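*Asks:* There's a structure below that I have some questions on.
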Amino acid sequence: MAYDKFTILRSSAVPMPNENVDTDQIIPARFLKATERKGFGDNLFRDWRYNNDNTPKADFVLNNPTYSGKILVGGKNFGSGSSREHAAWAIYDYGFRCVVSSFFADIFRNNSINVGILPVQVSPEFLETIFAAIEADPTTELEINLPAQTITLLATGDSESFAINEYKKHNLINGYDDIDYLLSMKTEIEAFAETRPF
Amino acid sequence: MSTPKTLFDKVWDAHVIRQVKDGPDVLFIDRHFIHEVTSPVAFLGLEGRGAPVLFSERTFATADHNTPTLNQHLPVADPLSANQLDALERNAAKYGISHWGLGHIKNGIVHVVGPENGITLPGMTIVCGDSHTSTHGAFGAIAFGIGTSEVEMVLATQCIMQPKPKKMRITVNGKTGKGVLPKDVILYIISQTSASGATGYFVEYAGEVFENMTMEGRMTVCNMTIEMGARGGMIAPDQTTLDYLKGRELSPKGEQWDKLVPYWQTLKTDEGATFDLDLTFDAANIEPQITYGTNPGLGTGVTHQIPTAESVKDGSASYKKSLQYMGFAENESMIGKPVDFVFLGSCTNGRIEDFRAFASIVKGRHKADNITAWLVPGSHVVEKQIQEEGILDILTQAGFELRQPGCSACLAMNEDKIPAGKYAVSTSNRNFEGRQGPGARTLLASPLVAAAAAVTGVVTDPRILIDNE
């Protein structure tokens, strides 16, 4: 399915400074049993967010009303482990449209773009600046400008540019996806398949 | 003279249909594996587009993630799991895809049954909606995990769009010592590179240690390459590879085989080819390994102490949180740590060699009373070999039972969940928080270390038990 268009996002952000947040934490395997892409946001960070009796854990950031917004800011190596796209679905379904980190696991980065979440990789120093800014003022806003490829702390004007390849950027801005592109070259693919030895 | 190329370049370049300007390569996919968990939404997407499956003969379906490992002849009790298994069967039938569902003689873990049946071949591109697809790189294939959107993409177009990753070579020279298995080699490498040290790279393994490894061992190594962040790992095909493949049910036969062998022999890194990163390790430094933290990079030699926060690459806060979850402290010795569960199985260590290794330790000994052991073969073929080789008798005499094939406690999607707070020595691939069940504490290790824990009830150096034989 083609995703939402993404151009400029201004929002406060939810901080999660833990490093190596793996996709088993984002959504544990026991919640992967659905056959439709529905309701995964309810189980986002399930075991960090809820006690065994399903009561919310007060000290977890998603249960803290101080923090909200469409941007999730994570520690280094965000999204490692399992390839489950359910992790990206859960983040999207919860309401996030952008994840910021100093380092993303490869498969998670692809999955995010494929479901319409923009992964923004910043320098370790800028990540610390963002965490500090949110700690000082939880309502502080970030601006993610995809056409300009910049991320800015609106209160101070601190800004950094981020990388994304032109093809993916074009897709996100216009709401296209890879399958649309590939279906348009079907004849070429069929001809190539003929040349394969196995 | 042409430019020297790496093994990875040769296979990748042979599959590029188009290079998108300032974008990814369009890569043709030779083989696609699907399972019940990451495929249903892809089929829904396909229906939504009204697109057919382009080459149904290039996709193979097996049920593994969500299957019970006891009483597989009975209806699946969990309605959600049953629904997923039904969806896979329905979708496979609808689109004419080969399906080895629960109860099928060829059923088993996707990364065990693919190679076992000769579906995986050198020089192929192989994808599956599972990160441990890297396993198939053992055959000199480019194999990696993908998300569900990409599963849909491959079903619809037999291609995916990927930027070409950077290349890393990891060489391990010398000979491994007593009691050191391929699992120890890869756990050691990950402990040296960290859980994110190879992100953005595709790894080629080289050197004497891998040349001397069996295909089962190479699969274990390539399988866990993803645990250092790399997309995949591969090993150049050689005589060991060809001997393994020859005669397997779906391996090429006769003239087709004869034609492919000379091509496969070209699949190695040319002299002078360069890598973005070259790492070299000495096999003599590798002892049986065990993890103590909550990512696979947090491992050490089984006789070592848990490192201090200052000496690890992870940030101090994350490291301390990790030890706290495990109930461990810095500077503690791993030997003698209490163990409650032992899990032998998974796409990492669910093959016949792993059961042979486990049996070599438990033979003539008995399961410790405090241990609950789950021994789960990777496939029915492995299960049959265990029986035929007399391994089942050894296990039974030592007080162990064999379960039925599946992913089982590796990801604890079915009933095989380690209870909260309990310690499990597991031959699987991930020790993340809650991976083996909410609150479960996982110590990753080889089948020998698992067996040593199973008969002594605590973390034990398996070399002591080998000595006693």
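Quick note: the coordinates plus some simple rules give every number you see, no bench work behind them. Predicted model, so just to flag it, every value in this text is computed and none were measured. Cβ placement follows ideal geometry from the backbone for every residue including glycine, while neighbour counts extend to all protein chains displayed.
*Asks:* Give me the aspartates and glutamates in straight-line cross-link reach of residue B:321: C-alpha distance below 13 Å, same-chain residues under 8 apart excluded.
*Replies:* Reachable aspartates and glutamates: A:19, B:330, B:433.
*Asks:* Principal axis extents for region A:1-109, Cα atoms only, whole Å, descending order, please.
*Replies:* Result for region A:1-109: principal-axis Cα extents of 41, 34, 23 Å.
*Asks:* Sticking with this structure for a sec: Residue B:286: net charge of surrounding residues, Cβ under 14 Å, Lys/Arg +1, Asp/Glu -1, itself excluded?
*Replies:* Every neighbour counted, the sum reads -1.
*Asks:* Excluding residue B:118 itself, what net charge comes from residues whose Cβ is under 12 Å from its Cβ, given Lys and Arg +1 and Asp and Glu -1?
*Replies:* In short, +3.
*Asks:* Still on this structure: Taking the Cα centre of chain B as origin, sum charge times position over the Cβ atoms of Lys and Arg (+1) and Asp and Glu (-1), and report the length of that vector in debye to the nearest 20.
*Replies:* So the dipole magnitude of chain B works out to roughly 400 debye.
*Asks:* Other chains near A:23-32: what is the mean number of their Cβ atoms within 10 Å of each residue's Cβ?
*Replies:* That works out to 6 on average.
*Asks:* Continuing with this model, one more query. Rule-of-thumb check for region B:7-278: C-alpha Rg over 2.2 N^0.38 Å?
*Replies:* Rg over 2.2 N^0.38 Å, computed on Cα atoms: 1.01.
*Asks:* What are the extents of the Cα atoms of region B:293-464 along their three principal axes, listed from largest to smallest and rounded to whole Å?
*Replies:* For region B:293-464, the Cα spread along each principal axis is 50, 34, 25 Å.
*Asks:* In peptide B:190-201, how many Cβ atoms from other protein chains are near each Cβ within 10 Å, on average?
*Replies:* The mean count of partner-chain Cβ atoms within 10 Å per residue comes to 3.
*Asks:* Between region B:179-197 and region A:4-51, what is the C-alpha centre distance in whole Å?
*Replies:* Region B:179-197 and region A:4-51 have Cα centres separated by 29 Å.
*Asks:* Apply the a/c threshold of 1.5 to the C-alpha gyration tensor of the protein assembly as shown and tell me whether it is rounded, prolate or oblate.
*Replies:* rounded
*Asks:* Rounded, prolate or oblate, given the Cα gyration tensor of region B:95-145, with a/c below 1.5 counting as rounded?
*Replies:* It is prolate, given that a/c is not under 1.5 and a/b is the larger ratio.
*Asks:* Go through B:4, B:464, B:139 and say which Cα lies farthest out towards the positive end of the charge dipole of chain B; charges sit on Cβ, +1 for Lys and Arg, -1 for Asp and Glu.
*Replies:* Working it through, the farthest residue towards the positive pole turns out to be B:4.
*Asks:* Under the rule of at least 5 residues apart or a separate chain, name every residue whose amide H is placed under 5 Å from the amide H of residue B:339.
*Replies:* For residue B:339, whose amide H was placed from the backbone, the distant partners under 5 Å are B:459.
*Asks:* Further question: Gap in Å between the Cα centre of region B:202-241 and the Cα centre of region B:256-305?
*Replies:* 5
*Asks:* Shape of chain A from its Cα gyration tensor (a ≥ b ≥ c, root eigenvalues): rounded if a/c is under 1.5, otherwise prolate when a/b > b/c, or oblate?
*Replies:* In terms of gyration-tensor shape, oblate.
*Asks:* Ok, one more. HN-Hα J couplings of region A:16-23 from phi, Karplus 6.51/-1.76/1.60, θ = phi - 60°, integer Hz, Gly and Pro as x?
*Replies:* 9, x, 3, 8, 6, 5, 8, 6
*Asks:* Right, something else. Can you list the GluC sites (Glu not before Pro) in region B:223-278 that are in a DSSP coil and have 12 or fewer other beta carbons within 10 angstrom?
*Replies:* B:249, B:271
*Asks:* Can you flag which of B:183/B:363; A:5/B:166; A:33/B:320; B:268/B:384; B:320/B:367 are past 23 Å Cα-Cα?
*Replies:* Where the Cα-Cα span goes over 23 Å, the pairs concerned are A:5/B:166; A:33/B:320; B:268/B:384; B:320/B:367.
*Asks:* With n ≥ 4 as the cut-off for DSSP H runs, can you work out [θ] at 222 nm for the protein assembly as shown, using -39500 (n - 2.57) per run divided by the number of residues, rounded to the nearest 500?
*Replies:* -9000 deg cm²/dmol
*Asks:* Summing +1 for each Lys or Arg and -1 for each Asp or Glu, what net charge is found among the other residues whose Cβ lies under 15 Å from the Cβ of residue B:182?
*Replies:* -2
*Asks:* Here's a follow-up. Report ³J(HN,Hα) in whole Hz for each residue of region B:116-123, in order, from the Karplus equation J = 6.51 cos²θ - 1.76 cosθ + 1.60 where θ = phi - 60°; Gly and Pro get x.
*Replies:* Taking θ as phi minus 60°, the curve returns 4, 9, x, 7, 7, 9, x, x Hz for region B:116-123.
*Asks:* List the chymotrypsin sites (Phe, Trp or Tyr not before Pro) in region A:1-67 that DSSP assigns to loop (not H, G, I, E or B) and whose Cβ has at most 11 other Cβ atoms within 10 Å. Which are they?
*Replies:* Of the chymotrypsin sites (Phe, Trp or Tyr not before Pro), not one in the loops of region A:1-67 has a Cβ with at most 11 other Cβ atoms within 10 Å.
*Asks:* How shielded is A:166-172 by partner chains, expressed as the average number of their Cβ atoms within 10 Å of its Cβ atoms?
*Replies:* 3
*Asks:* Taking only Cα atoms of chain B, what ratio of Rg to Rh do you get with Rh as the Kirkwood inverse-distance radius?
*Replies:* 0.95
*Asks:* Using modelled amide H (1.01 Å from N, peptide plane; none on Pro or chain starts), what sits under 5 Å from the amide H of residue B:206, excluding residues fewer than 5 places away?
*Replies:* B:170, B:171, B:172
*Asks:* Using the Karplus curve 6.51 cos²θ - 1.76 cosθ + 1.60 with θ = phi - 60°, work out ³J(HN,Hα) for each residue of region B:127-140 in order, rounded to whole Hz, and write x for Gly and Pro.
*Replies:* Ordered by residue, 3J(HN,Hα) equals 10, 7, x, 7, 5, 7, 4, 3, 3, 5, x, 4, 9, x Hz.
*Asks:* Oh, and also: If the cut-off is a Cα-Cα distance under 14 Å, which aspartates and glutamates reach residue B:253, setting aside same-chain residues fewer than 8 apart in sequence?
*Replies:* B:243
*Asks:* In addition: For region A:8-195, what is the percent of antiparallel DSSP beta bridges, rounded to the nearest 5?
*Replies:* 50
*Asks:* Here is a follow-up. Based on Cβ point charges of +1 for Lys and Arg and -1 for Asp and Glu, what charge dipole magnitude is obtained for region A:60-150 about its Cα centre, in debye rounded to the nearest 20?
*Replies:* Value, rounded to 20: 300 debye.
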